[in-house]
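Everything on this sheet refers to the single structure shown next.
The values are calculated or read from the model by the stated rules, or taken from the named source; none is laboratory data. All values reported here derive from a predicted model rather than from experimental measurement. Glycine gets a Cβ as well: all are built from the backbone with ideal geometry, and neighbour counts include every protein chain shown. These accessible areas exclude ligands, DNA and RNA; they are computed on the full protein's heavy atoms, side chains included. Shrake-Rupley method; radii C 1.70, N 1.55, O 1.52, S 1.80 Å.
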Amino acid sequence: MITLSAPAAPDTPAAPDTSVVALAVERPEIHWPGYISWTIGMLLVVVLLYWLMGRGWARRGSFHSDLPELPVDPAPDAPARLVLRGRYFGSTTTEQWLDRIVTRGLGTRSTAELTLTDHGVRVVRPGARDFFVPADRLIGARLDRGIAGKVLTDGGLLVLTWRHGERVLDSGFRSDRAEEHREWLEAVHRAAAEAAEGTRTPAGAPVPVPAPSPATAASPGTDDASESPAGTTGPHDQEGAR
């Protein structure tokens, strides 16, 4: 006897889980009071940090309140001996590279153009206050690696040491061309020596480097009578004549 069986019904897809779909579509509710409170708290922290920074800057400025006004270039059109373009990193009390001077605009880092003339060093800073270092206040220069909290490579910083009021300051610069540092180092030393001796080299002429000799070492600043021009009398001859 043959038994006929009905064909199996095709598998029907299971009905979707409406709970999963509902979870996927449902968006979490934003707790607005907590969100706003958190945002306001963060803003207050930022404002407090900026206020503390400003207080610290003002307090540091009070330490150097005795610093007088910066000198003005007496001859802004004087011929340039050397020109350097680069960055100004700040000024500090000499040999104290973290004692940053912030008064008189000296604490603002900026691009800078240095010009060495017979009168001194003129520092032009776009967007910041210019200043001038008279030649008779120049003490010297050196190559260093850091100033005012800024650290560079060894010899990557040209530091000018100069006297202003009752303080001796270090001002740090970095040229766009590092090979200029050595030339500036020598030129500043010569300019400071000339100012100390009360001499000036004519503009455009090479700066002489005097060679030491026994005669000049024994009696600096005096000339031998045999080298005096005819018809002139040196100070020692005048004393002998008396």
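Odds and ends about this structure:
- Boolean, Leu52 is surrounded by 11 or more Cβ atoms within 10 Å (Cβ to Cβ) and modelled with pLDDT of 65 or more: no
- Extreme residue, nearest to Val121 (Cα to Cα), among residues of the range 55-75 that are open to solvent by less than 80 Å² (accessible area, probe 1.4 Å) and modelled with pLDDT of 85 or more: Asp73
- Within the range 85-112, the only residue that satisfies the criterion of being in a helix (DSSP H, G or I) and within 14 Å of Pro126 (Cα to Cα) is Gly105.
- Set Val159, Val133, Val124: member being open to solvent by 10 Å² or more (accessible area, probe 1.4 Å), among the β-branched types (Val, Ile, Thr), at pLDDT 90 or above and within 28 Å of Ala196 (Cβ to Cβ): Val124
- Residue in the range 137-145 that is small (Gly, Ala, Ser), open to solvent by 10 Å² or more (accessible area, probe 1.4 Å) and part of a strand (DSSP E or B) present: yes
- The residues in the range 104-122 that are in contact (Cβ under 8 Å) with a residue 40 or more places away in the chain and within 16 Å of Ala75 (Cα to Cα) can be counted, and the count is 8.
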